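Report on the following structure.
The values are calculated or read from the model by the stated rules, or taken from the named source; none is laboratory data. Note that the structure is a prediction, hence the values are computed from the model and not measured. A quick note on method: Cβ atoms are made from the backbone with ideal geometry, for glycine too, and the neighbour counts reach across all protein chains shown. Only protein heavy atoms, including side chains, enter the accessible area calculation; ligands, DNA and RNA are left aside. Shrake-Rupley method; radii C 1.70, N 1.55, O 1.52, S 1.80 Å.
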Amino acid sequence: LVLVLSSRLLQAVCINAVRGNPDSVIAAIDHFCQNQEWAMNVGDEKGAILDSVVMETSPSTVLELGTYCGYSAVRIMRLLPPATRFITLEMNPDYAAVARQVIQHAGLQDKVCLVEGKSADLIPKMADMFGIRTFDFVFFDHWKDCYLPDIRLLEDCGLLDQGSVVLADNVLCPGAPEYLDYVRSSLRFSSRFYRSHLEYTRVLDGLESRTQTGPGSHCGR
Ligand SMILES: CCc1ncnc2c1ncn2[C@@H]1O[C@H](/C=C/CNC(=O)c2cc(-c3ccc(F)cc3)cc(O)c2O)[C@@H](O)[C@H]1O
Ligand SMILES: [Mg+2]
């Protein structure tokens, strides 16, 4: 049987990770990607930075764009209490299917709401579908040319408010130059670059966090 990469990654989780143990799922994926086949998970080095920003923010509502195989969904939700609202968006049904199984293996299926579809279609429906007014923490790890339009869409939908943190992966490699210019240009936000490396390699990469300082776009200028 010929398995595609995402299925081989899932197989490595099923074989090497302990059911209900998120840390063992993370370790199994990192071991597979370090020793068998590279895959575009945020990885353990940038993952530790993601962990620290999540813990610092201690969000009660979280949105992730680009679930892929569910690695960062497991990383984020293993740190947060069951009451946390976590929504992750994935447009590819095959990746969504793998992610659901990875998340289930970690025992986090009751804490994660994986919605299949394109971010631009789903973001405007967040309030109606989930009764969520604003997101405290948003993780961008989807197609890099969608970062800029999607943060603008989140703002236009009033889904980001004072204190909301948007953390973006891969701002150096593959890179998101227009996004970086945008988040570093406005006085309404404070942005910070976390220097790191492309997952499982020595190539330079990093994460950029942007914290909203002023009120949300719907609460006056
Ligand atoms: C339409 C909006 C929209 N709505 C909903 N889901 C969406 C979506 N756009 C994309 N998705 C899903 O997200 C995932 C894609 C993620 C894209 N990520 C990278 O391209 C990337 C690349 C490298 C790298 C590759 C090769 C190198 F040589 C170096 C670096 C490293 C990294 O960490 C990377 O994240 C897939 O599951 C998509 O189905
Ligand atoms: Mg990435």
Just checking, does the stretch 14-30 include any residue being among the hydroxyl-bearing types (Ser, Thr, Tyr), in a loop (DSSP other than H, G, I, E, B) and more than 16 Å from ligand 2 (Cβ to nearest atom)?
no
Is there a residue in the stretch 178-186 that is of a type in the set (D, E, K, R), within 26 Å of Met77 (Cα to Cα) and surrounded by fewer than 15 Cβ atoms within 10 Å (Cβ to Cβ)?
no
If Ile87 passes every condition in (1) within 10 Å of ligand 1 (Cβ to nearest atom); (2) open to solvent by less than 10 Å² (accessible area, probe 1.4 Å) but one, which one does it miss?
(1)
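Among the listed residues Ser164, Ser119, identify the single one that is among the polar types (S, T, N, Q) and closer than 16 Å to Pro59 by Cβ. Walk me through it before giving the result.
Values: Ser119 fails: closer than 16 Å to Pro59 by Cβ.
None of the other options fit; the residue is Ser164.
Please go through the stretch 124-157 and give me each residue that is touching an Asp or Glu at 6+ places or on another chain (Cβ under 6 Å) and touching a residue at least 40 places away in the same chain (Cβ under 8 Å), ordered by number.
Within the stretch 124-157, Thr134, Phe139, Asp141 meet the criteria.
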Could you check Ser191 against (1) open to solvent by less than 20 Å² (accessible area, probe 1.4 Å); (2) under 21 Å from Ile76 (Cβ atoms) and say which number it fails?
(1)
Taking into account only those residues within the stretch 127-146 that are within 23 Å of Leu79 (Cβ to Cβ) and within 16 Å of the chain's Cα centre (by Cα), which is most open to solvent (accessible area, probe 1.4 Å)?
Asp136
Can you find even one residue in the stretch 70-83 that is away from ligand 1 (no atom under 16 Å from the Cβ) and surrounded by 19 or more Cβ atoms within 10 Å (Cβ to Cβ)?
yes
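Yes or no, residue by residue, for (1) within 16 Å of ligand 2 (Cβ to nearest atom); (2) in contact with a helix residue (DSSP H, G or I) (Cβ under 6 Å, 6 or more places away or on another chain):
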position: Lys46; (1), (2): yes, no
position: Asp51; (1), (2): yes, no
position: Gly66; (1), (2): yes, no
position: Gly70; (1), (2): yes, yes
position: Ile87; (1), (2): no, no
position: Glu90; (1), (2): yes, yes
position: Ala99; (1), (2): yes, no
position: Ala106; (1), (2): no, yes
position: Gln109; (1), (2): no, yes
What are the residues in the stretch 8-52 that are within 13 Å of ligand 1 (Cβ to nearest atom), polar (S, T, N, Q) and open to solvent by 10 Å² or more (accessible area, probe 1.4 Å), if any?
none
